[in-house]
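Visitor: Mind looking over this structure? Questions follow.
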Amino acid sequence: MGFHTKSHMLKRRDSTDQAASVGPVDEDNRLTYRQHTLSRAEADPFTSEQVRLLCSNLRSAILISIALAVIFVGVQWAVLEPDKLLLWSLLLGATLIYRAGLMLLWREDVGVLPATEARRRLLLFRIGVFSGAATWGVAGVFLVPTWNPSHMVYTSFVLAGLCSGAATTLAIDRVSSFAFLLLALAPHSLFLISQDDTVPQGMGTMLLLFMFFLLGTTHSLHQQLEENFDLRLGAVESASQLRQMLEASPIATRIEDSSSKRVLFANSRYVSLVESTAEEVFGYVSPGYYINPETHNEILETLGYGECISDKLIELCTFDERAPVKWVLASFSPVEYEGRTAILGWFYEITDRKIMEEQVEHLAYHDTLTGLPNRLLIIDRLHQAISNAEREQERVAVLFVDLDEFKPVNDTYGHNVGDVLLKAIAKRISGCLRKSDSASRFGGDEFVVVLPSVKDENSAVEVAEKIRHALIEPVEVEGLSLKISSSIGVVLYPDHAEEVKQLLKRADIAMYQAKAEGRNLVKVFRPDM
């Protein structure tokens with residue numbers, strides 16, 4: 001377990017900078033990130049939503065009105081006085097210019113508006129609707145050639161189609177929709193009914209019934225839209241209450257979108273945990289916070305089975321590449337957040353505890369003086385090396401290193417000098433080994449070296465001789481030049497023994513044979529020793 005840095009975190013940020021700029025609100029949540037910055041007395045979310053929806057259809061409504069007006073004037077030009085048509089066109093043009101001006105002024109979507117501003121915009125929009133409807137209502141009375149049945153029917157058809165479309169696009173505002181139908185279609189219907197001919201009267205009656213049908217349909221559609229908005233607003237308020245509760249939590253919490261995997265909400269504790277800012281966290285792709293990318297996939301898979309996750313040990317990245325990783329106990333559960341499926345995560349930081357555990361574990365398996373593995377750890381590594389060698393049909397060498405005449409150094413110069421000498425010896429032994437090899441302080445002035453995957457006896461002896469020569473070199477300690485040698489015993493698995501205890505015993509026997517033959521020697525175990 002390492003507390004390493006994470007430069008890959010910053011690399012992955014490049015691909016998500018755009019996401020970070022999205023913040024906690026996207027197109028599906030337009031209704032209202034800004035609502036959370038306004039008090040309930042200031043905000044008017046429903047009127048704001050009405051204005052937004054009405055304005056979203058304004059461009060198409062203007063274009064359709066222009067197209068209908070051009071076609072209408074073109075068709076009626078042959079049977080009506082041009083002056084009347086031009087005057088009517090100017091009136092309609094002025095209305096459309098007014099509505100286009102509103103569209104340009106309000107083209108920026110600002111979310112929830114203050115109550116006074118929302119009502120002001122709705123009033124200005126309604127004025128444009130009333131003016132447009134009245135202009136078409138004028139056409140339905142003064143631009144109807146009653147002497148020409150086909151052109152009269154055409155006028156009725158244009159007005160009926162126009163009102164049918166308006167009933168849908170304006171349904172969000174009952175006042176606008178009702179006013180448009182009454183001002184645009186009712187005058188034409190009553191005008192036809194007032195004629196002496198039964199055919200216009202019948203048409204007028206049918207248009208009047210059609211108008212009442214549209215009024216009823218518009219009313220129902222308005223109710224549905226209002227109910228839908230109430231549901232959405234309720235979801236937003238529930239999400240707001242959830243945010244308030246989580247923000248007050250002493251534990252770091254985060255909500256992410258199940259499909260996009262982007263962070264929708266994070267409390268200040270979480271922002272502090274990943275050593276970032278709210279702007280960077282919101283919208284960031286959450287798998288980027290995990291040291292192991294597969295961790296996030298495992299979480300999604302478990303939640304997909306309908307199970308919750310409690311106290312899962314996870315390594316988290318931070319935005320600071322120089323900072324160590326953070327260890328947390330994380331719990332996850334599926335939630336509904338602002339009308340979408342999301343994942344709520346709780347993160348309890350245990351980095352300090354994890355560091356302490358690793359320190360305790362290190363002390364339990366390492367020599368406090370030299371930092372080398374102790375007797376317990378080297379025996380465990382020897383077991384692993386033998387298991388691998390058995391599987392791969394390889395050899396393992398064990399070197400038993402004992403320092404010659406170390407006790408006189410302690411007796412003459414004191415234990416402080418002896419300790420410094422042992423540290424230097426440990427460093428020199430380690431410097432003679434491969435990364436796959438292991439050196440340990442077995443006790444006192446004894447060291448054991450494990451060499452996995454050795455070719456043969458000669459290879460093991462070469463390493464032992466390398467160590468012996470390294471230890472002969474003088475060691476400078478507190479102004480003293482100390483010279484010491486070593487006796488080394490060598491055994492191989494499975495040539496000399498197949499069990500750990502036997503290997504260590506026979507390596508020790510070979511080492512004592514080296515001492516018996518004059519010290520500063522390397523001896524390989526032989527059965528006759």
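The values are calculated or read from the model by the stated rules, or taken from the named source; none is laboratory data. Note that the structure is predicted; figures quoted are calculated from it, not measured. Please note: Cβ atoms are built from the backbone with ideal geometry, for glycine as well, and neighbour counts cover all protein chains shown.
Visitor: Can you tell me which residue among Val70, Val51 is modelled with pLDDT of 80 or more and touching a Lys or Arg at 6+ places or on another chain (Cβ under 6 Å)? Working first, answer last.
Guide: Numbers: Val70 fails: touching a Lys or Arg at 6+ places or on another chain (Cβ under 6 Å).
Matching residue, one of Val70, Val51: Val51.
Visitor: Pick from the range 171-217 the residues that are at pLDDT 90 or above and outside any helix (DSSP H, G or I): which of them is surrounded by the most Cβ atoms within 10 Å (Cβ to Cβ)?
Guide: By that ranking, first place goes to Leu185.
Visitor: Do you know which of the residues in the range 344-386 that are modelled with pLDDT under 85 and among the aliphatic types (A, V, I, L, M) is farthest from Gly444 (Cα to Cα)?
Guide: It comes out as Ile355.
Visitor: Kindly indicate the residue of the range 403-445 that is of a type in the set (S, T, N, Q), assigned to a helix (DSSP H, G or I) and more than 16 Å from Gly371 (Cα to Cα) and also farthest from the chain's Cα centre (by Cα) among those meeting that condition.
Guide: Thr412
Visitor: Taking the criterion of being at pLDDT below 85, assigned to a strand (DSSP E or B), assigned by TED's automatic domain parsing to the domain that holds Tyr348 and surrounded by 18 or more Cβ atoms within 10 Å (Cβ to Cβ), would at least one residue in the range 247-270 satisfy it?
Guide: no
Visitor: Oh, and also: Of these, Ile97, Ile66, Ile127, which one is free of Cβ contacts under 8 Å to residues at least 40 places away in the same chain, under 30 Å from Trp147 (Cβ atoms) and of a type in the set (Val, Ile, Thr)?
Guide: Ile66
Visitor: Here is a further query. From the set of residues in the range 75-89 that are over 58 Å from the mean Cα position of the chain (by Cα) and not aliphatic (A, V, I, L, M), which is surrounded by the fewest Cβ atoms within 10 Å (Cβ to Cβ)? Working first, answer last.
Guide: Step one: of the range 75-89, the residues over 58 Å from the mean Cα position of the chain (by Cα) are 75-87.
Retained after the next criterion (residues that are not aliphatic (A, V, I, L, M)): 76-77, 81-84.
Details: Gln76: 23, Trp77: 12, Glu81: 11, Pro82: 10, Asp83: 8, Lys84: 14.
Among residues in the range 75-89 that are over 58 Å from the mean Cα position of the chain (by Cα) and not aliphatic (A, V, I, L, M), the one surrounded by the fewest Cβ atoms within 10 Å (Cβ to Cβ) is Asp83.
Visitor: Here's another thing I want to ask about it. Restricting the search to the range 485-521, which residues are surrounded by fewer than 23 Cβ atoms within 10 Å (Cβ to Cβ), aliphatic (A, V, I, L, M) and within 11 Å of Asp402 (Cα to Cα)?
Guide: Leu521
Visitor: Could I ask something else about it? Pull out all pairs, ordered by first then second residue, where Cβ-Cβ is under 6 Å, the residues are six or more apart or on different chains, the first lies in the range 189-203 and is more than 14 Å from Phe142 (Cα to Cα), and the second is exposed (fewer than 15 other Cβ atoms within 10 Å of the Cβ) and at pLDDT 90 or above.
Guide: Ile193/Gln201
Visitor: What are the residues in the range 271-313 that are aliphatic (A, V, I, L, M), outside any loop (DSSP other than H, G, I, E, B) and closer than 27 Å to Ser240 by Cβ, if any?
Guide: The answer is Val271, Leu273, Ala278, Val281, Val285, Ile299, Leu300, Leu303, Ile309.
Visitor: Which numbered condition in (1) farther than 18 Å from Asn520 by Cβ; (2) modelled with pLDDT under 95; (3) among the β-branched types (Val, Ile, Thr); (4) more than 52 Å from the chain's Cα centre (by Cα) is the only one that Val475 fails?
Guide: Unmet condition: (1).
Visitor: For the structure I just gave you, tell me whether Asp230 is among the acidic types (Asp, Glu), modelled with pLDDT under 85 and either under 56 Å from the mean Cα position of the chain (by Cα) or not assigned by TED's automatic domain parsing to the domain that holds Phe46 (or both).
Guide: Criteria met by Asp230.
Visitor: Separate question: Tell me the residue from Glu315, Glu279, Glu275, Glu294 that is under 17 Å from Lys261 (Cβ atoms), modelled with pLDDT of 75 or more and of a type in the set (Asp, Glu), please.
Guide: After applying the criteria, what remains is Glu294.
Visitor: Here's another thing I want to ask about it. Just checking, how many residues over the range 411-467 are among the charged types (D, E, K, R) and under 27 Å from Glu499 (Cβ atoms)?
Guide: The qualifying residues number 11.
Visitor: Also, I was wondering about something else. Of all residues being surrounded by 18 or more Cβ atoms within 10 Å (Cβ to Cβ) and out of contact with any helix residue (DSSP H, G or I) (no Cβ under 7 Å at 6 or more places or on another chain) in the range 342-367, which is farthest from Ser438 (Cα to Cα)? Just the residue, please.
Guide: So, considering only residues that are surrounded by 18 or more Cβ atoms within 10 Å (Cβ to Cβ) and out of contact with any helix residue (DSSP H, G or I) (no Cβ under 7 Å at 6 or more places or on another chain), the one farthest from Ser438 (Cα to Cα) is Ala342.
Visitor: Consider the range 88-119. How many of its residues are among the charged types (D, E, K, R) and either outside the structural domain of Ser189 (by TED's automatic domain parsing) or more than 18 Å from Ser177 (Cα to Cα) (or both)? Explain how you work it out, then say what you get.
Guide: Of all residues in the range 88-119, those among the charged types (D, E, K, R) come to 99, 107-109, 117, 119.
Going one step further and asking which of them are either outside the structural domain of Ser189 (by TED's automatic domain parsing) or more than 18 Å from Ser177 (Cα to Cα) (or both), we end up with 107-109, 117.
Residues that pass the stated criteria total 4.
Visitor: Any residue in the range 429-449 that is surrounded by 20 or more Cβ atoms within 10 Å (Cβ to Cβ) sitting within a Cβ distance under 7 Å of a residue that is hydroxyl-bearing (Ser, Thr, Tyr) and part of a loop (DSSP other than H, G, I, E, B)? List the pairs, counting only those 6 or more apart or interchain.
Guide: Arg441/Thr370
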